[in-house]
Amino acid sequence: MTESAIFQRALAGKPLDFTGEDFQEINQTVQRTQELLKKFNHIDQTVEQRRATLSQVVGYSVPASAEINAPVHSDFGPHIFISDHVFVNQGVMFVDLGGIYLGDGALIGPGAMLITVNHLEDPAHRRDVQAQAIHIEKNAWVGAGAMILPGVTVGENAIVGAGAIVTKDVPANMIVVGSPARVLRRVKGTADQRD
């Protein structure tokens, strides 16, 4: 199924006019996602039922090896891309219009926020939005309560400390902490890859 033009523009990082006719497609998707997430987050759902419901949200079959714990929150839904062996703890918020890509074995701690959307600075267009993808690469770990902002890539094996606010890319095999996040040190057990 081919995505609509406005969804493609969002994934491409182009500004989206809040008053444009096609913006209603986003609102319709948001409403559908909210109804499905109510079902996903319901206490009586089995693991299999949750996986089936989440697959409806994202529009593909969520890998059986992925573990996504309820409650999970999203303001859009179809632009969450989950790879094998991903683990998402409780209370994670995905603002995914711009695309959130979770690589193999990525870990997302409780209460983390991954935000791909920003409003425009110009007051005349403040309601308009621009999205930029977030990539959490293979075996990266985003700690509890961390916030990943639009356009950030968390490199392979990297660790984002609990509560960190990440405004720029995190190099592979490094630990970042703080607000704004800064490199603390190399992850133990990873080879020094400097030239």
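The values are calculated or read from the model by the stated rules, or taken from the named source; none is laboratory data. For clarity, every value in this text was computed on a predicted model and none was experimentally measured. Heads up, the Cβs are rebuilt from the backbone with ideal geometry, glycines too, and the neighbour counts pull from every protein chain shown. Calculation scope for accessible area: heavy atoms of the full protein, side chains included, ligands and nucleic acids excluded. Shrake-Rupley method; radii C 1.70, N 1.55, O 1.52, S 1.80 Å.
Give me the extension gain from T190 to N118: residue separation times 0.36 nm, minus the current Cα-Cα distance, reported in nm with one decimal.
Difference between extended and current length: 22.5 nm.
Pick out which of D17, D44, D128 has the largest mean-square fluctuation in a Gaussian network model of the chain, springs linking Cα atoms closer than 10 Å.
The residue that fluctuates most here is D44.
Contact order normalised by length for the chain, with contacts defined as Cα pairs under 8 Å and 6 or more residues apart; what percent is it?
With pairs under 8 Å counted, the relative contact order is 14 percent.
When we measure straight from the Cα of K188, which lysines land under 23 angstrom away, once same-chain ones fewer than 8 places off are left out?
K138, K168
Please calculate how many Å² of accessible area segment 127-195 carries per residue, with a 1.4 Å probe and no DNA, RNA or ligand atoms counted.
On a per-residue basis, segment 127-195 sits at 53 Å².
Mind listing which GluC sites (Glu not before Pro) in segment 105-186 are in a DSSP loop and have 11 or fewer other Cβ atoms within 10 Å?
E121
Indicate, rounded to the nearest 5 percent, the antiparallel portion of the DSSP beta bridges found entirely in the chain.
Antiparallel bridges make up about 20 percent of those DSSP assigns within the chain.
Calculate what fraction, in whole %, of the accessible area of the chain sits on carbon and sulfur atoms when a 1.4 Å probe is rolled over the protein chains.
53 percent
Any idea of the accessible area per residue across segment 16-98, 1.4 Å probe, to the nearest Å²?
50 Å²
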